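Colleague: Starting off with a structure, shown below.
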Amino acid sequence: MIHVADAVRDGFKKISITTVDTDVIVIAISVFKDTEADEIWIAFATGKHFRYIPIYDIAQSLGPLQSRIIPIFHAFTGCDTVSSFAGRGKKTAWDPWNTFPELSSVFRQMTDQPSTISRDSILPLLERYVVLLYHRTSESNSVNEAREVFFAHKGRSIESVPPTREALYQHAKRSVYQAGFILIQCLILQPVLPSPDLYGWKKQDNGM
């Protein structure tokens, strides 16, 4: 996106990007306003799946807040570097967000203040959201409680129950690292990144 910003500064106000990576779509939506472009289009995918995506139109439809924090939603629900919730795709994850607007305040903190996150500041609402991912009518606010109910009493397989609270926190930290530090700095030429082992990753001899 830094190339888009450069093009706009050179006087090009309508920009087209060709990609097959959904990360680019998410990033473009989140920083569209910051680029000061009039229009950004993405020529996405190939073959019979090829289509043009009007980023400017999507950003306007979502509004400033949801556009800004969509990278966190994308990372938290599964991207190239962060695992997804088994059997829960983007549409399944999007619907409870729209019915649980309080989640946006947590996503905003994870986006704008990634270095300040803690269990107490983000987990209560994230737990409730994840429970809703697995059971829309559940009244539980605890993933650990929901695991017990879904697995022991409803007979679900282990793949069909939420992660533990501790696993969810590590997942959230990895999401923050990917979106709150990496994706959100896409307009910075040389972004400064903290060590990933502070955000849910573990260093090993052959990598992370």
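Colleague: Just the residues that are more than 24 Å from the chain's Cα centre (by Cα) and either closer than 27 Å to residue 69 by Cα or surrounded by fewer than 20 Cβ atoms within 10 Å (Cβ to Cβ) (or both), please, taken from the range 141-157. Before the answer, list the steps.
Modeller: Taking the range 141-157 and keeping what is more than 24 Å from the chain's Cα centre (by Cα), we get 145, 148-157.
Across the range 141-157, the qualifying residues are 145, 148, 149, 151, 152, 153, 154, 155, 156, 157.
Colleague: Out of (1) among the charged types (D, E, K, R); (2) closer than 23 Å to residue 182 by Cβ; (3) modelled with pLDDT under 95, the odd one out for residue 102 is which?
Modeller: (2)
Colleague: How many residues are touching a strand residue (DSSP E or B) at 6+ places or on another chain (Cβ under 8 Å) and either buried (at least 19 other Cβ atoms within 10 Å of the Cβ) or of a type in the set (A, V, I, L, M) (or both) when one looks only at the range 4-17?
Modeller: Filtering the range 4-17 for residues touching a strand residue (DSSP E or B) at 6+ places or on another chain (Cβ under 8 Å) gives 4, 7-8, 13-17.
Adding the requirement that they be either buried (at least 19 other Cβ atoms within 10 Å of the Cβ) or of a type in the set (A, V, I, L, M) (or both) leaves 4, 7-8, 15, 17.
Matching residues across the range 4-17 total 5.
Colleague: So, in the range 115-139, how many residues would count as being over 11 Å from residue 162 (Cα atoms) and touching a Lys or Arg at 6+ places or on another chain (Cβ under 8 Å)?
Modeller: Going through the range 115-139 one residue at a time, the tally reaches 2.
Colleague: Would you check if there is a residue in the range 105-112 being on the phi > 0 side of the Ramachandran plot, surrounded by 18 or more Cβ atoms within 10 Å (Cβ to Cβ), assigned by TED's automatic domain parsing to the domain that holds residue 170 and at pLDDT 95 or above? Talk me through it step by step, then tell me what you get.
Modeller: So the first thing to find is which residues in the range 105-112 are on the phi > 0 side of the Ramachandran plot, and the list is none.
No, the range 105-112 has no match at all.
Colleague: A follow-up question, please. Of the numbered conditions (1) under 30 Å from residue 17 (Cα atoms); (2) in the same structural domain as residue 182 (by TED's automatic domain parsing); (3) touching an Asp or Glu at 6+ places or on another chain (Cβ under 8 Å); (4) without any contact (Cβ under 8 Å) to a residue 40 or more places away in the chain, residue 79 fails exactly one; give the number of that condition.
Modeller: Of everything listed in (1) under 30 Å from residue 17 (Cα atoms); (2) in the same structural domain as residue 182 (by TED's automatic domain parsing); (3) touching an Asp or Glu at 6+ places or on another chain (Cβ under 8 Å); (4) without any contact (Cβ under 8 Å) to a residue 40 or more places away in the chain, residue 79 misses just condition (4).
Colleague: Looking at (1) surrounded by 13 or more Cβ atoms within 10 Å (Cβ to Cβ); (2) free of Cβ contacts under 8 Å to residues at least 60 places away in the same chain, which one does residue 61 not meet, given that it meets all the others?
Modeller: Every condition holds for residue 61 apart from (1).
Colleague: Can you tell me how many residues within the range 122-153 are out of contact with any helix residue (DSSP H, G or I) (no Cβ under 8 Å at 6 or more places or on another chain) and polar (S, T, N, Q)?
Modeller: Total satisfying the criteria: 1.
Colleague: Which of (1) closer than 30 Å to residue 163 by Cβ; (2) surrounded by 13 or more Cβ atoms within 10 Å (Cβ to Cβ) is the odd one out, the single condition residue 20 does not satisfy?
Modeller: (2)
Colleague: Can you name every residue in the range 66-118 that is among the acidic types (Asp, Glu), under 29 Å from residue 195 (Cα atoms) and in a helix (DSSP H, G or I)? Walk me through how you get there before you give the answer.
Modeller: Start the filter on the range 66-118 by keeping residues that are among the acidic types (Asp, Glu), which leaves 80, 95, 102, 112.
Restricting the remaining residues to those that are under 29 Å from residue 195 (Cα atoms) gives 80, 112.
The one that is among the acidic types (Asp, Glu), under 29 Å from residue 195 (Cα atoms) and in a helix (DSSP H, G or I): 112.
Colleague: Starting from residues that are of a type in the set (D, E, K, R) and assigned to a helix (DSSP H, G or I), keep the ones in the range 169-208 and report whichever is surrounded by the fewest Cβ atoms within 10 Å (Cβ to Cβ). Before the answer, list the steps.
Modeller: From the range 169-208, those of a type in the set (D, E, K, R) are 173-174, 197, 202-203, 205; that's our starting set.
Add one more test, that the residue is assigned to a helix (DSSP H, G or I), and what stays is 173-174, 197.
Details: 173: 22, 174: 21, 197: 11.
By that ranking, first place goes to 197.
Colleague: Let me ask something additional. Given the options 121, 138, 104, name the one that is within 25 Å of residue 23 (Cβ to Cβ) and either without any contact (Cβ under 8 Å) to a residue 40 or more places away in the chain or over 15 Å from the mean Cα position of the chain (by Cα) (or both).
Modeller: Values: 121 fails: within 25 Å of residue 23 (Cβ to Cβ); 138 fails: within 25 Å of residue 23 (Cβ to Cβ).
Answer to the selection: 104.
The values are calculated or read from the model by the stated rules, or taken from the named source; none is laboratory data. The shown structure was predicted, so the numbers you read here are calculated from the model rather than taken from an experiment. Neighbour counts run over all protein chains shown; Cβ positions are idealised from the backbone, glycine included.
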